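Q: Okay, here's the structure, questions in a sec.
The values are calculated or read from the model by the stated rules, or taken from the named source; none is laboratory data. This is a predicted model, so every value here is computed, not measured. Every residue, glycine among them, receives a Cβ derived from its backbone with ideal geometry; neighbour counts consider all protein chains shown. Heavy atoms of the whole protein, side chains included, go into the accessibility calculation; ligands, DNA and RNA do not. Shrake-Rupley method; radii C 1.70, N 1.55, O 1.52, S 1.80 Å.
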Amino acid sequence: MAVEDSGEKFSAEGEYGLKHGPIERRSCTDVLFLLLFIGFWCGMWAVSINAYTKGDPTRLTHLYDSNGTACGTSYQSDYPYLYLPYTFDVTRGFCVSACPTQAADSNTKCNSDVCSSSDLLPGYASKVVYGRVCAPTNMTSEINNNLDTESLTNWLGDLHNSWEVVIIIAAIALATAFVFMILIYYCAGVIAWLCILGVVASLAAIGYFCIYRARLINNGDIVGSSTNANVLTALSYVFYGLSGVSVLLVLCMFNRIRLAIAIMKAAALFIGDVKSTLLVPPCMFLASAAFYTYWIITTLYIVSSGDVHKSATSVFSTVELDRSTQKSFIYFIFGLLWSNSFLVALNHFIIASACAIWYFSPWEPTQSAFKVSDRPVSKSVYRAFRYHLGSLAFGSLIIAIVQAVRLTLAYVQKQMKGKIANNKCVKVAFCMVDCCLACFERFLKFLSKNAYIQMAITGKKFCAAAKDAFLLIVRNAARFAAVNAIGSAFMFLGAALISVFPTLIGYIILTSASKYQDLLTSPIFPAVVGFTFAFVIARCFMSVYGMAADTILQCFAIDEEMNEHKGKTGGSSAQHAPEVLRTFLASHGGDEKGCCR
C-alpha cells in the first residue's frame, strides 16, 4: 500500500465530517476510564485521611538519645536538646533541659530515669544550634560558615532591595516573547535557513577540523599516534558525508521546509489572534503546584505513619514501613505519575482545541486575517471537562503505566546493585530494557499528543483518535518531520532569547546602577530569580507555540484531504488555511509535494 493510501482519508460530510471545522455535536468519550480515574482519586483521599490520622511528619525530624528516645517528646518533653558529652560520639547522647554553658555545668539537667549527672561529663561549653542540638561554642561559627546560614539572609536582603529589577526582567521577557512572535511571522524563513545552513556548515567544519588535526599528527607538528590520525581521518569522512547527506535532504525536502516555515508563521499568528491561550500554561502550572504540594505533604504523613525509630548509626530517625504502608506509598507514587500526565494531557487538549477552532473559523475575504469565533479557549475548556476527561484519563494512564514500569526497573536495578556489580551482561540487559522503555515512552507521548489534537478536531475516543493521528502522520511523514525539526529549532531559540536576554539586561542594571552598588552584596541571586520568571514566561509561550504548530499542521493536512476534489490538479486544496499558508500555496501553484512525500 502506498503511503498516500494509508488509512481512510478525512471527509467533509458524514458523522465526523469537518465541513464546518471541529465537530460541535459531541458525546462523552471513554467514560469507563473517567470513572476509573475518579475512583482512583477516591482511593487517594482515603489513603490521605488514613495517613493524616496515623502519621506525624515532625517525628521524622526528631533527634534521639542513646536509649532511642526522641528529645522533646513523651517523658522527655522537658528535655528538648540533644547533648553529646564526647562531642560527636553519637553512641552517647542525652536529652537535656538546657545546653551547658561551661564544662560540668550544674544547671544542665537530664532525665534521671535514663541518665545521671556523671553521664554529662566531661562536658564543654555549648550553644543551641538550629533549636535542637548542643554544639561546642568554639565550633558554632564554623558550623554556620560551613552551612552558610548567613548567605540566606544576604540573598533575601538582596532580593528585597532589588525587587523592581526582577519585575523589569519579567516585563522585558514578556515583551521579548511578543517581539519574538513578530520576528517569526516576518523573519521565520531567514531564521530557519540560517539554522539549516549552520547545521550543514557545522558538520563540514567538524570534518575539516578532524582532517586538519590528522595532517598535523602525520606531519609531526603535534603529538599523536598514527592510530589517532587514522581515526580522525575516518571521522572527517563521516562528517563530510553527513554534511553532504544534509544538503541532499534539504534539496529533496526544500518545499517541505518552506511549508514548515509557513506553519511556524501561522502558529505565531494564532498566538497573536488568540492571546488568551497564553493563560492556559500558567493555570496548569498553578494546578500542578497545588497538586504537588498536596502530594508531598501527604507522602510525608504516609512515611511518618510507619515505625519511626532511632538509626543505629546516627542520632537521626529511620523508618520501617509495614506492608500496608508500603502499598499506600506505592499507590500514591502511581497517583503522582497518572495525575501529572493527566494535567499535561489537559493542557495539550485545551490549546489544540482552541487552535483548531481558530484554524477553521470563517475567513473574511475582505480582511487579511481570520474572523476568530468567540471565546475559543473557554469553549475548549468546556469541551474538555464536558466530553473528553475520560479520554484524557485513558491516554495519561497508558503513559503512567510505562513510567511506573521504568521506576520499578530502576528500583530493582538499585536493589541488585551489589549483586550485579561485576556482571556486565546483566548491566547491559538492564540498560537495553530501560532504553527500549524510554523510547517507547517518548513514542507514546508523541502519539498521545497528536491523539489529543484529533480528539479536539473530531471528538472521537482516544484509541480512534490515536489511530487517525498515526495514519495522518504516515500519509504526511515528510511534512511532520520537517515541522518537528524546524519547530524544535524555533522553540530552542525562543526559550533562549526570552529567558537569557532580559536576564542580561537586568544583570547590567544591577551591576552598573549606582543605586544598587551600595545596597547589594551580590547581583547573582536577584538575577537568578529574574531568570526564573523569564524562563517560566518563555515556557508558557513556547509550549503554546509548539502545540499550535502541531495542531495547524494536522488541520492543514485534514483540510487538504477533505477538500481534495476542489483543488487544482496535482495541487493543494486546503480551503481554510490562514493567510501565510495561502500565500505559500499560491506562490507554489498549490504544489509542495516534490520528490519526497
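Q: Under Stokes-Einstein, with the Kirkwood radius over Cα pairs standing in for Rh, what whole-number D in µm²/s applies to the stretch 16-82 at 20 °C and 1.002 mPa s?
A: 124 µm²/s
Q: Taking H as built 1.01 Å from N, whose amide H comes closer than 5 Å to the amide H of Ser126, not counting residues under 5 places away?
A: The answer is Thr101, Gln102, Thr137.
Q: Under 12 Å from the Cβ of Val402, count the other residues' Cβ atoms, weight Lys and Arg +1, Asp and Glu -1, and hand me the total.
A: +1
Q: What are the ³J(HN,Hα) couplings of the stretch 547-553, residue after residue, when phi is run through the Karplus curve with 6.51, -1.76, 1.60 and θ = phi - 60°? Round to Hz, x for glycine and proline.
A: So the J values, rounded to whole Hz, are 5, 5, 4, 5, 5, 4, 5.
Q: Quick query: amide H of Ser317 versus all other amide H atoms, modeled in the peptide plane; which residues come in under 5 Å with a sequence gap of 5 or more or a different chain?
A: Long-range HN contacts for Ser317: Ser311.
Q: Going by average Cβ density within 10 Å per residue, which order do the peptides 39-48, 162-171, 440-449, 543-552 take, highest to lowest?
A: Averaged packing, sorted descending, gives the order 543-552, 162-171, 440-449, 39-48.
Q: Would you please give the FRET efficiency between Glu164 and Ile296, computed as 1/(1 + (r/R0)^6) with r the Cβ-Cβ distance and R0 = 30 Å, to the nearest 0.05?
A: Efficiency, rounded to the nearest 0.05: 0.40.
Q: If I take the Cα coordinates of the stretch 283-331 and project them onto the principal axes, what are the three extents in Å, biggest first?
A: Principal-axis extents of the stretch 283-331 (Cα, largest first): 46, 25, 12 Å.
Q: For the stretch 161-317, just run the numbers: alpha carbon Rg, then divide by 2.2 N^0.38 Å, N being how many residues it has.
A: 1.84
Q: Show me, for the stretch 62-77, the HN-Hα J-couplings you get by feeding each phi into the Karplus relation (A = 6.51, B = -1.76, C = 1.60, θ = phi - 60°), rounded to Hz, glycine and proline as x.
A: 3J(HN,Hα) across the stretch 62-77, in whole Hz: 5, 9, 10, 7, 5, 8, x, 9, 6, 5, x, 10, 6, 6, 9, 5.
Q: Then there is this: Dipole of the stretch 441-504, Cα-centred, from +1 at each Lys and Arg C-beta and -1 at each Asp and Glu C-beta, to the nearest 20 debye?
A: The calculated dipole for the stretch 441-504 is roughly 260 debye.
Q: Applying 1/(1 + (r/R0)^6) with R0 = 45 Å to the Cβ-Cβ distance of Asp307 and Val528, what FRET efficiency is obtained, to the nearest 0.05?
A: 0.65
Q: While we're on this one: Which FRET efficiency value, to the nearest 0.05, do you get for Leu407 and Leu216 by plugging their Cβ-Cβ distance into 1/(1 + (r/R0)^6) with R0 = 51 Å?
A: 0.55
Q: Given the stretch 418-476 reduced to its alpha-carbon atoms as identical point scatterers, what log10 I(q)/I(0) does the Debye formula return at q = 0.12, 0.13, 0.16 Å⁻¹?
A: Values returned for q = 0.12, 0.13, 0.16 Å⁻¹ are -0.46, -0.49, -0.59.
Q: Now for a separate question. Give a residue-ordered list of calculated ³J(HN,Hα) values for the stretch 435-451 (Karplus: 6.51 cos²θ - 1.76 cosθ + 1.60, θ = phi - 60°; whole Hz; x for Gly, Pro).
A: 5, 5, 5, 5, 5, 5, 5, 4, 5, 5, 5, 5, 5, 5, 4, 6, 5
Q: Follow-up. Can you give me the distance in nm between label points at Ser116 and Thr58, each placed 7 Å from the Cα along the Cα-to-Cβ direction?
A: 3.4 nm
Q: Next question, about the same structure. Quickly rank 332-343, 178-189 as a protection proxy: mean count of other C-beta atoms within 10 Å, highest first.
A: Averaged packing, sorted descending, gives the order 332-343, 178-189.
Q: Here is a follow-up. Suppose each label sits 7 Å from its Cα in the direction of the beta carbon; what would the Phe430-Lys327 distance come out to in nanometres?
A: Using points 7 Å along Cα→Cβ, the separation is 2.8 nm.
Q: OK, next. Rounded to the nearest percent, how much of the accessible area of the stretch 429-559 (1.4 Å probe, protein heavy atoms only) is carbon and sulfur?
A: Using a 1.4 Å probe with all protein chains present, the stretch 429-559 comes out at 75 percent carbon and sulfur.
Q: Sticking with this structure for a sec: Modelled label-to-label distance, Ala496 and Arg442, 7 Å Cα→beta-carbon offset: nm?
A: 2.0 nm
Q: For the cross-link pairs Lys424/Lys449; Lys427/Lys449; Lys54/Lys449; Lys327/Lys417; Lys109/Lys310, which exceed 29 Å when the distance is taken from alpha carbon to alpha carbon?
A: Checking Cα-Cα distances, Lys424/Lys449; Lys427/Lys449; Lys54/Lys449 exceed 29 Å.
Q: Here's a follow-up. If we sort 502-514, 209-221 on the protection proxy, mean other Cβ atoms within 10 Å, highest first, what's the order?
A: 502-514, 209-221
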